[in-house]
Amino acid sequence: MKSFEAKVIAGDGRGKKIGFPTANLDKTDLDIDFGVYLAAVRVEGKNYCGLLHFGPRKTFDNKTTAELHIKDFSGNICGREIKVGIARKIRGVKKFDSIEDLKNQIAKDMESIA
């Protein structure tokens, strides 16, 4: 399993607005293909599962980012270092026709988390 450490940085808050808050990471030079990945996350000494989106945000602005939705986590970790292990790729990066389509796909991606 590939892993890396990253600092959580401030984002635009879009994930939170659509019901899937993300930790935006200060890494955009990951040695993986663009896509959505099942991830193991270590935050403040605790282990979580999550989804890592790495690549352009095609639905919004095409800016390449690494952002992580952490299952069953709430709290402000902006400015903190976290460790991310990449388990497997779920799908490629896609442009969605609507925010509702994006939300439905994220919900479907979440089903990959045990």
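Please treat every number below as a calculation from the coordinates, not as lab data. Quantities reported herein were computed from a predicted structural model and do not represent experimental measurements. Positions of Cβ are generated from backbone atoms using ideal geometry, with glycine treated the same way; all protein chains shown enter the neighbour counts.
Among PHE73, PHE34, PHE54, the largest mean-square fluctuation in a Gaussian network model of the chain, built with springs joining Cα atoms closer than 10 Å, belongs to PHE73. Full extension of the chain between ARG91 and ASP61 yields a length gain of 8.8 nm, computed as 0.36 nm times the residue separation minus the alpha carbon distance. Applying the Kirkwood pairwise sum to the alpha-carbon positions of the chain produces a hydrodynamic radius of 14.0 angstrom.
Relative to the longest principal axis of the chain, what angle (0 to 90°, nearest 10) does the C-alpha long axis of helix 99-110 take? That helix lies at roughly 40 degrees to the long axis. Mean residue ellipticity, 222 nm, helices only, the chain: the sum of -39500 (n - 2.57) across DSSP H runs of n ≥ 4, divided by residue count and rounded to 500, is -4000 deg cm²/dmol. A simple spin-label model places the labels of SER3 and ILE32 1.4 nm from each other, with each point 7 Å out along Cα-to-Cβ.
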